[in-house]
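Dumping the structure here so I can ask a few things about it.
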Amino acid sequence: MEYHLKTPMTNDTVRKLRAGDIVYITGRMITLRDEGHARFLEEGAPEGLDLKGAVLYHCGPIVAKKESGFELVSAGPTTSMRLEKYEADFIEKTGISLIVGKGGMGDKTEAACREYGSVHGIFPGGCAVAAATHITKVAGVIWEDLGMPEAMWIFDAEEFGPVTVNIDAAGGNLMKRRHSKGDVL
Amino acid sequence: MKVPEERNNVNDTAGKFGELELARFVCHLASHLPDDVEERVRAMAKKETNEAALKTYGCMIENMELADSLKRPLCQDTGIPCFYVKAGSDWPLLGSLDEIIKSAAAKAFRDAPLRPNAVDPFTGKNSGNNEGPRTPYIDWEIVPGDELEMTVYLSGGGCSLPGFAVVLTPGEGIEKAKKLILDRLLERGVNACPPLIAGVGIGSSADIAGKLSKKALLRPVGSVNECENAAALERELFKKANDLGIGPGGLGGVESVLAVNVEFAARHPATFAVALSTGCWATRRGTLKVDWDLNVTCLSHRDFR
């Protein structure tokens with residue numbers, strides 16, 4: 001199935017999604033990587049930031065600072081598995097609806113997706129200019145002291161995709177199903 | 001060392017070569033795949049039958065075209081800039097080359113723009129300018145002659161994560177090595193922007209195997225090791241890696257690797273060291289040849305002038 005979704009998403013919308021579905025996102029996305037997750041879980045959300053129903057993008061973009069403001073250059077996904085250590089806690093604390101990255105995620109994230117009604121999806125890795133063309137605005141940045149890749153960037157997206165649902169809220173896990181060690185060796 | 005009269009101001013000449021040619025080349029290769037990689041990706045897309053894989057290839061090809069037309073880095077991870085120098089001992093700017101490379105890398109960082117990726121391993125602090133200890137990374141090989149051949153590689157993070165080096169016993173040897181490589185490609189390959197280039201190095205110790213695995217990764221896609229035993233290992237691992245069914249983006253597909261290249265050194269009677277270096281489908285690697293008169297020829301990108 002193909003879905004065109006807007007943020008904030010409702011729990012009902014997210015729970016309908018199934019591993020293998022294709023999603024296009026319009027609305028607010030925030031980026032976080034390793035350092036950002038660690039700080040978020042240690043210090044809590046920055047004041048005034050409500051992530052319920054929002055989209056988390058595993059991404060460390062290239063952003064040019066121009067006089068007119070931020071200009072997004074390239075913004076493809078980063079390896080989601082690095083964030084496995086943090087993601088279940090992050091889902092529980094924020095109520096985030098959709099997490100976008102590349103590659104698979106592990107059992108803890110899968111369990112949290114099921115419990116809290118969240119979904120992990122993948123955008124084709126390395127397709128950073130294609131991704132950036134679907135992000136219409138850099139609305140802001142928080143924790144810039146972490147450096148450009150690790151800071152929390154706030155994006156407005158328009159039909160951002162294709163995002164393939166990898167882990168759904170009903171126990172589906174596309175990557176795990178495909179790549180569990182079988183007898184291929 | 002002979003210096004042509006019209007070029008007696010070496011600093012000025014070095015500046016022109018570094019700031020103009022080399023910096024421009026680094027920017028170019030941040031936005032363009034080398035010909036061999038692009039041709040292989042397009043050929044794999046034509047062979048593909050899996051629907052999700054076809055969609056992923058479509059996005060990859062669209063991205064290549066957008067990066068070219070918008071002149072932007074095709075992946076936001078512009079890596080750690082690595083320079084593999086093979087310099088003739090009589091090449092006229094050899095003594096200035098370290099400085100030329102560093103200033104070109106700094107200019108490319110501003111012009112492309114590249115992402116600041118140099119992080120202090122102890123404090124976690126990003127330097128903000130892509131410079132740090134041994135960064136940009138420069139590997140030196142000095143050979144007889146008066147020409148320079150230099151391969152530049154923007155070594156990404158995600159695509160480097162499957163890498164490893166290990167020293168096995170001879171009893172474990174090649175069979176254990178093959179299993180470790182395929183296990184690692186299966187376990188981590190899906191996250192590293194497949195289809196991948198796998199570089200395998202074999203030698204007597206971890207450092208030698210590791211360096212050779214990177215040299216293997218940097219060899220052109222479609223090239224074959226001159227040694228028949230190494231070529232046979234390349235063919236075997238290529239077939240088995242493709243049989244893993246990872247596909248583009250890890251969504252399954254007909255093929256999973258662009259290439260498997262092997263480079264080796266003699267091992268010690270007591271050791272069998274093996275290493276794996278991996279590159280993503282968007283392997284940004286390019287090679288320049290610079291003669292004694294500083295005429296530059298690009299060996300990797302036909303569209304670089």
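The values are calculated or read from the model by the stated rules, or taken from the named source; none is laboratory data. Fair warning: this is a prediction, and the values are worked out from it, not measured in the lab. Neighbour counts run over all protein chains shown; Cβ positions are idealised from the backbone, glycine included.
All but one of (1) surrounded by fewer than 23 Cβ atoms within 10 Å (Cβ to Cβ); (2) closer than 21 Å to B:PRO73 by Cα; (3) in contact (Cβ under 8 Å) with a residue 40 or more places away in the chain; (4) within 14 Å of chain B (Cβ to nearest Cβ) hold for A:GLY69, so report the exception by its number.
It fails just one condition, (4).
Identify, by number, the condition in (1) in contact with an Asp or Glu (Cβ under 7 Å, 6 or more places away or on another chain); (2) among the hydrophobic types (A, V, I, L, M, F, W, C); (3) under 30 Å from A:LYS102 (Cα atoms); (4) away from every other protein chain (no Cβ under 14 Å) that B:TRP91 doesn't meet.
(3)
If you don't mind, another one. Any chance you could count how many residues in the range A:102-160 are over 25 Å from A:LYS6 (Cβ atoms), away from chain B (no Cβ under 11 Å) and among the hydrophobic types (A, V, I, L, M, F, W, C)?
2
What is the residue count in the range B:154-192 for residues that are at negative phi, in a helix (DSSP H, G or I) and not polar (S, T, N, Q)?
19
If you don't mind, another one. Test of understanding: among B:ASP98, B:ASP111, B:ASP120, B:ASP183, which residue is outside the structural domain of B:PHE17 (by TED's automatic domain parsing) and of a type in the set (D, E, K, R)? Explain how you work it out, then say what you get.
Working: B:ASP98 fails: outside the structural domain of B:PHE17 (by TED's automatic domain parsing); B:ASP111 fails: outside the structural domain of B:PHE17 (by TED's automatic domain parsing); B:ASP120 fails: outside the structural domain of B:PHE17 (by TED's automatic domain parsing).
Just one listed residue meets the conditions, B:ASP183.
Now for a different question. What are the pairs with Cβ atoms under 8 angstrom where one residue, in the range B:270-285, is closer than 18 Å to B:LEU182 by Cβ and the other, located anywhere, is assigned to a strand (DSSP E or B) and among the aromatic types (Phe, Trp, Tyr)? Sequence gap at least six, or different chains.
Note: pairs meeting the criteria are B:ALA275/B:PHE164; B:LEU276/B:PHE164.
With assigned to a strand (DSSP E or B), more than 10 Å from chain A (Cβ to nearest Cβ) and either under 23 Å from B:GLU19 (Cβ atoms) or of a type outside the set (Gly, Ala, Ser) (or both) as the only criterion, which of B:ILE142, B:ILE100 stands out?
Step by step, each of B:ILE142, B:ILE100 is checked, and only B:ILE142 is assigned to a strand (DSSP E or B), more than 10 Å from chain A (Cβ to nearest Cβ) and either under 23 Å from B:GLU19 (Cβ atoms) or of a type outside the set (Gly, Ala, Ser) (or both).
Mind checking which residues of the range A:163-185 are in a strand (DSSP E or B) and either at pLDDT 95 or above or closer than 15 Å to B:GLY247 by Cβ (or both)?
Residues of the range A:163-185 in a strand (DSSP E or B): A:163-167, A:173.
Residues satisfying the conditions are A:VAL163, A:THR164, A:VAL165, A:ASN166, A:ILE167.
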